[in-house]
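Right, one structure below, let's go through it.
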Amino acid sequence: MTRRPGRAAGSSGGTSARSGPPYFDPYDTLPELAPLRTALTNADWTAVQAYFSTLDSAEKISFVSGLVADTPGVEDMLRKAVAEQPAAPLPRTLLAHRYVGIGWDIRTGALADSVSREQFDRFHGWLEQAEQILIDVCAEQPAYVPAWTVRLLTARGLELDQAEVRRRYDRLSAHHPHHYPAQQQLLQQLCPKWGGSWETAHDFARGAASASPDGSHSGALVALAHLEHVADLEPMAAYAYLRGVPVRDDLRFAARVSVLHRDYRPGFHGIGAHSAFALAFSMGGHFEDALLHFGALGDRADASVWSYVPDPSTAFLKYRKSATATI
């Protein structure tokens, strides 16, 4: 992960050309996360809780929950917080999310046949602990969307069936029908690698993009679905797939109703959403379409999106240069 302390992070929006390498670390690309990083570094639960109290949407809470879950050693602070506030949903949800993170680190992102039986056992052990915590939170607070979002992760990791995952998503969407982090998790579940199909995955992405309010992040699901699809294809087939007019037009519509809409407000998910469109358009050779997204990104990028290509930093620079050349 590229990280450069001391930079005025996140100041590079707009459409001017950039020439430097991309920044992938969210603490560098989103300067408003700085107090959270300090609080986590100091294992200061009071400050962590105070930071969450400033977040004005469930999407932001889920995003920040993911950052906490990726922080090594934070489980000690969270266990103490749960002991001190046993009825509060936030510390329990964060602890469960951290347990999921520990489990996935053990499993790794390798294909199932490359993961040992011992790894799977330990992985499932951490997810089962998380699941027990989340069952209680969701029973007590059925409208608490961040906990339901993490339960989509545990469902996938524990290899529960598609019907159960849909049930959880339906419970969540009854309270928050366009929760982008949950939509991202369900999209993963609907891909063939987790027991779904490409038809189902694309239908869900397009449906979410169409049903969500204009200017929401949900349109980026269309780009993510196409990126998942091409990752399952041989290189030449992947190139032809993304070059196709139907896919290009699919991406154009999704971008138009989401990140390019006049009502769009980036929030914490903006870098990931623009990254998805920039990469999908670029891989298909649609560099004029990619240009606006690179303009919005500047020198910022989302690591999870750019991990679809072997060398994220090099690919970002190459594609941005091609997009800029269309001016």
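Would you check if Val257 is β-branched (Val, Ile, Thr) and over 16 Å from the mean Cα position of the chain (by Cα)? Yes, satisfied. Can you tell me which residue is nearest to Leu33 (Cα to Cα) among those in the stretch 244-262 that are open to solvent by less than 80 Å² (accessible area, probe 1.4 Å) and of a type outside the set (A, V, I, L, M, F, W, C)? It comes out as Ser258. Being within 19 Å of Ile61 (Cα to Cα) and either crowded, with 24+ Cβ neighbours inside 10 Å or at pLDDT 95 or above (or both) is a description that applies to Thr149.
Where helices (runs of 4 or more DSSP H) fall entirely within the stretch 18-72, those with at least 1 residues that are under 28 Å from Ala315 (Cα atoms), hydroxyl-bearing (Ser, Thr, Tyr) and open to solvent by less than 20 Å² (accessible area, probe 1.4 Å) are at 26-29. Per the conditions (1) more than 27 Å from Ser197 (Cα to Cα); (2) open to solvent by 30 Å² or more (accessible area, probe 1.4 Å); (3) small (Gly, Ala, Ser); (4) touching a residue at least 60 places away in the same chain (Cβ under 8 Å), the sole criterion not satisfied by Ser322 is (4). Residues satisfying the criterion are absent from the stretch 167-178 (criterion: within 15 Å of the chain's Cα centre (by Cα), modelled with pLDDT of 95 or more, part of a loop (DSSP other than H, G, I, E, B) and closer than 21 Å to Gly101 by Cα). If you check Thr154, Thr108 for being polar (S, T, N, Q) and at pLDDT 95 or above, only one passes: Thr154.
Residue pairs whose Cβ atoms lie under 9 Å apart, sitting 6 or more positions apart in sequence or on different chains, and linking a residue in the stretch 79-91 that is aliphatic (A, V, I, L, M) to a partner that is assigned to a loop (DSSP other than H, G, I, E, B) and open to solvent by 30 Å² or more (accessible area, probe 1.4 Å), are Leu90/Tyr144. Looking only at the stretch 185-195, which residues are open to solvent by less than 40 Å² (accessible area, probe 1.4 Å) and more than 15 Å from Arg168 (Cβ to Cβ)? Within the stretch 185-195, just Cys191 meets the criteria. Scanning the stretch 204-224 for residues being more than 16 Å from Leu190 (Cα to Cα), in contact (Cβ under 8 Å) with a residue 40 or more places away in the chain and surrounded by fewer than 19 Cβ atoms within 10 Å (Cβ to Cβ) gives a total of 4. Take Ser282 and decide whether it is without any contact (Cβ under 8 Å) to a residue 24 or more places away in the chain and either of a type in the set (Ser, Thr, Tyr) or open to solvent by 30 Å² or more (accessible area, probe 1.4 Å) (or both). Considered against the rule, which asks whether it is without any contact (Cβ under 8 Å) to a residue 24 or more places away in the chain and either of a type in the set (Ser, Thr, Tyr) or open to solvent by 30 Å² or more (accessible area, probe 1.4 Å) (or both), Ser282 comes out as no.
Within the stretch 289-296, one or more residues are over 19 Å from the mean Cα position of the chain (by Cα), open to solvent by less than 10 Å² (accessible area, probe 1.4 Å) and either closer than 15 Å to Pro22 by Cα or of a type in the set (Val, Ile, Thr) (or both). Looking only at residues of the stretch 113-158 that are touching a residue at least 24 places away in the same chain (Cβ under 8 Å) and in a loop (DSSP other than H, G, I, E, B), we find that the one that is nearest to Thr93 (Cα to Cα) is Tyr144. Filtered by the rule that a residue be of a type in the set (A, V, I, L, M) and in contact with a strand residue (DSSP E or B) (Cβ under 9 Å, 6 or more places away or on another chain), the stretch 25-74 gives a lone residue, Leu30.
The values are calculated or read from the model by the stated rules, or taken from the named source; none is laboratory data. Please read all numbers here as calculations on a predicted model, not as lab measurements. A quick note on method: Cβ atoms are made from the backbone with ideal geometry, for glycine too, and the neighbour counts reach across all protein chains shown. Surface areas here come from the heavy atoms of the whole protein model, side chains and all, with no ligands, DNA or RNA. Shrake-Rupley method; radii C 1.70, N 1.55, O 1.52, S 1.80 Å.
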